[in-house]
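So the structure is just underneath, and the comments pick up after that.
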Amino acid sequence: MMRKVMITLLWIAVVGWMWAIFALSALPQEDVPPAGAVFPDYINHGAAYLLLAFVLFMALKRSWRFGFAITSGVVVGLCLIFGLINEINQISVPGRHFSLWDLLADGVGAALVFLVLLLLQKSGNRGMHIYNLLAGQSQSPDV
């Protein structure tokens, strides 16, 4: 029962974060919150998609029984598709435009999650324990 609650909460977090990214992407340039100007645009994109990939990874690992490589590919692929949809949507938003650089930053942010997770897996017992907690596993993951 607790496992189903955790899975449900993670999927709610995924959808909620996707909604937040899409809502911010659909704002006209003059309505973008000033907090978004603190860091360069590519850092904001990378950070947003890093968080999306991380939450999506945790939801998928608990919902499916695929290995690390397949889950990584699915998550990065879904993040890139979502990023592409956002970039296409921005064509019709005043003051915004389609940017391959933004899409690249989205993909790099999503991929960084898996670099960190791979490093955790390879960093000994403590790292593997942390990875297993994040992946919702009790035994060693398959790479």
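The values are calculated or read from the model by the stated rules, or taken from the named source; none is laboratory data. Fair warning: this is a prediction, and the values are worked out from it, not measured in the lab. Glycine gets a Cβ as well: all are built from the backbone with ideal geometry, and neighbour counts include every protein chain shown.
Considering region 41-70, and only residues there that are exposed (fewer than 14 other Cβ atoms within 10 Å of the Cβ) and not in a helix (DSSP H, G or I), the residue that is modelled with the lowest pLDDT turns out to be R65. The residues in region 58-79 that are closer than 18 Å to G109 by Cα and in contact with a Leu (Cβ under 7 Å, 6 or more places away or on another chain) can be counted, and the count is 7.
The single condition from (1) outside any helix (DSSP H, G or I); (2) in contact with a helix residue (DSSP H, G or I) (Cβ under 7 Å, 6 or more places away or on another chain) that N86 fails is (1).
Scanning region 102-130 for residues that are in a helix (DSSP H, G or I) and either over 29 Å from L84 (Cα atoms) or at pLDDT below 90 (or both) yields L120, Q121, K122, N125, R126, G127, M128, H129, I130. Just one of (1) more than 23 Å from L24 (Cα to Cα); (2) surrounded by 12 or more Cβ atoms within 10 Å (Cβ to Cβ) fails for D106. It is (1).
Look at (1) surrounded by fewer than 17 Cβ atoms within 10 Å (Cβ to Cβ); (2) closer than 24 Å to M2 by Cβ; (3) modelled with pLDDT under 90; (4) not acidic (D, E) and you find that A135 fails only one, number (1). In region 4-40, which residue that is over 23 Å from L80 (Cβ atoms) and in contact (Cβ under 8 Å) with a residue 60 or more places away in the chain is surrounded by the most Cβ atoms within 10 Å (Cβ to Cβ)? For region 4-40, the residue satisfying everything is M6.
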